[in-house]
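First the structure, in the form of structure tokens, and then the observations on it.
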Amino acid sequence: MYTHTFLQRLLSVCILLSVLAQAVSAGWFSPRFSRSRTRAALPDLYEASVAELQAGLDAGQFTSVDLVKAYFARIEEVNLQGPMLRAVIETNPSALAQAAALDEERKTSGPRSALHGIPVLVKDNIATIASEGMNTTAGSFSLLKSIVPEDAGVVKRLRAAGAIILGKANLSEFAHFRGNVASGWSGRGGQCTNAYFPHADPCGSSSGSGVAASIGLAAVTLGTETDGSITCPTDHNNLAGIKPTVGLTSRAGVVPISEHQDTVGPLVRSMADAAIVLSIIAGVDPNDNFTSAQPSPVPDFTKALNKDALKGKRIGVPRAVFLNDTITGNDPSIGQAFEEALNTIRSLGATVVDPADIPSAEQILTSNAENLVLDVDFKIQLNAYYAALLANPSGVRTLAELIQFNNDNPALEEPPRFEDQSTLIEAQSTNGMNSTYFQALAMDKELGATNGIDAALQQNNLDALILPAAGLTTVPAAIAGYPIITVPLGFYPDNVTVGLAGPETIYPAPGVPFGLSFLGTAFSEFDLIGFAFAYEQKTQTRLARRAFAEAIPKTQLIDVIGK
């Protein structure tokens with residue numbers, strides 16, 4: 001286990017005190033709950049914030065053991081029963097013991113951080129030590145009961161902060177890098193679906209993390225993004241999510257696609273929670289050399305939570321390519337909500353520069369450089385991941401063997417109406433880091449950053465770009481390695497024409513959410529968090545609609561306290 005130094009612990013406590021002070025002044029929660037254990041007095045786990053849960057824990061209203069029991073019961077209600085959302089692959093058999101130890105530590109020495117005793121679900125491509133009792137499989141039976149050498153870098157930071165690893169969230173298998181397979185499907189987890197409309201697309205690949213966060217199956221969830229896999233489930237599930245700059249959070253111990261695009265970030269219900277989590281999981285990791293490029297020290301991102309953050313700022317709209325009928329699904333709802341959002345941005349004191357187009361937009365659409373880079377990186381890095389395992393009972397040790405394993409086990413690894421595993425086969429056919437690969441890598445940097453996001457920002461003297469989260473929004477930031485922060489924008493109307501998203505999923509669908517994304521240059525998370533927070537606080541869009549009734553768990557803290 002990662003052992004934090006005195007200075008790290010002191011920093012964590014300072015962050016916690018800062019969060020609680022800001023929370024009280026902003027009115028995020030009442031500074032002292034009644035000690036009477038009534039349903040009304042306790043936080044509603046559907047919406048409860050990290051700050052509210054910390055306040056209740058500190059006041060002795062409930063314990064972390066109670067929290068774990070409540071979240072386990074909520075998962076039990078809707079995961080494989082009722083609506084069968086399949087958001088969680090497995091829960092942690094050690095979670096109650098961890099919670100009890102952290103409750104005792106709270107009594108004797110106080111909380112380590114704002115996440116002390118808070119249950120966290122992590123995506124099943126983020127490694128946790130096997131002795132704890134869980135698997136790390138990226139949703140694949142080829143990795144079942146494999147033994148990872150150590151916790152992922154971000155898991156080490158969570159544990160050092162006193163967080164409880166509640167379980168593993170379902171995902172699109174291998175982070176949606178298999179082939180023509182629906183978002184949210186994995187061999188081990190089955191088809192994850194959205195909680196806002198039966199069988200709606202949860203979006204991938206951090207689908208389980210998104211669905212779990214949306215209805216309070218955990219206080220916090222983590223996902224990963226290569227191109228859209230935090231942004232899209234945030235968009236589809238009425239959440240606040242941060243896709244950090246590549247290198248701000250460690251990818252050590254994460255089942256990889258590409259070191260040039262992979263990143264780990266939070267999917268939660270508010271920007272306040274997202275800022276708390278990012279402050280803890282960000283930082284340098286000697287096991288991921290990309291993290292050495294980040295600015296030092298890691299900011300306290302909770303200090304970015306300023307309702308006036310947009311005042312005097314210049315926010316650009318890159319309309320060309322990114323705003324068209326393909327984005328809105330031929331339904332005007334997203335476009336209308338986006339125009340209203342621009343008016344809200346103006347009302348908060350910002351200048352909206354419209355259009356502020358990305359010069360490379362048309363080239364981004366036609367370039368194959370991203371696919372080439374991802375294919376080469378995936379083969380090299382997945383082979384390295386398999387080789388580093390201490391054991392793997394399936395016998396799979398390479399990408400070639402994975403392809404054969406899937407062919408040999410169709411009952412496990414082929415979903416309904418399965419078509420192919422073309423992405424894996426294409427990656428296997430690559431020939432390593434040759435001149436063509438390096439040319440593609442340079443092209444990605446040119447299109448995404450130099451003549452992409454950075455050019456749009458510089459040419460228009462902008463502080464950030466803004467777009468609906470759906471569609472092609474993620475691509476420039478993905479190939480540049482730049483951040484995206486997403487908050488709720490609206491919901492499809494009840495009369496929307498339902499579309500088919502996959503063999504077992506639909507999209508769009510009545511009441512399914514969609515989001516708003518803020519984009520910026522490398523390591524601009526602090527500013528982007530402020531902009532997204534100001535918009536979120538002004539609109540409170542998340543609270544306008546809840547999941548469909550059957551998908552909302554009934555268990556609350558009152559149901560488990562003392563039992």
Review point. Checking residue 268 against (1) under 18 Å from residue 160 (Cα atoms); (2) crowded, with 24+ Cβ neighbours inside 10 Å; (3) not hydroxyl-bearing (Ser, Thr, Tyr), which single condition isn't satisfied?
Key: (1)
Check your understanding: Any idea how many residues of segment 198-226 are buried (at least 24 other Cβ atoms within 10 Å of the Cβ) and farther than 28 Å from residue 557 by Cβ?
Key -> 8
**Study point:** Failed item in (1) assigned to a helix (DSSP H, G or I); (2) among the small types (Gly, Ala, Ser); (3) farther than 24 Å from residue 538 by Cα; (4) not assigned by TED's automatic domain parsing to the domain that holds residue 424, with residue 333 passing the rest
**Key:** (3)
Practice item. For segment 226-240, state whether one or more residues are modelled with pLDDT of 95 or more, of a type in the set (Gly, Ala, Ser) and within 20 Å of residue 548 (Cα to Cα). Key: yes
Check your understanding: For segment 115-165, how many residues meet the condition of being in contact with a Gly (Cβ under 6 Å, 6 or more places away or on another chain) and surrounded by fewer than 22 Cβ atoms within 10 Å (Cβ to Cβ)?
Key -> 1
**Study point:** segment 338-364, residues that are over 15 Å from residue 319 (Cα atoms), in a helix (DSSP H, G or I) and among the aliphatic types (A, V, I, L, M)
**Key:** 345
Check your understanding: Looking only at segment 252-293, which residues are over 16 Å from the mean Cα position of the chain (by Cα) and of a type in the set (D, E, K, R)?
Key -> 259, 285, 288
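Take residue 278 and decide whether it is in a strand (DSSP E or B), of a type in the set (A, V, I, L, M, F, W, C) and touching a helix residue (DSSP H, G or I) at 6+ places or on another chain (Cβ under 7 Å).
Details: in a strand (DSSP E or B): no; of a type in the set (A, V, I, L, M, F, W, C): yes; touching a helix residue (DSSP H, G or I) at 6+ places or on another chain (Cβ under 7 Å): yes.
In short, no.
Condition check ((1) assigned to a loop (DSSP other than H, G, I, E, B); (2) under 21 Å from the mean Cα position of the chain (by Cα)) across all residues:
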| residue | (1), (2) |
| --- | --- |
| 479 | no, yes |
| 487 | no, yes |
| 497 | yes, no |
| 509 | yes, no |
| 523 | yes, yes |
| 531 | no, yes |
| 554 | yes, no |
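The values are calculated or read from the model by the stated rules, or taken from the named source; none is laboratory data. Please read all numbers here as calculations on a predicted model, not as lab measurements. Heads up, the Cβs are rebuilt from the backbone with ideal geometry, glycines too, and the neighbour counts pull from every protein chain shown.
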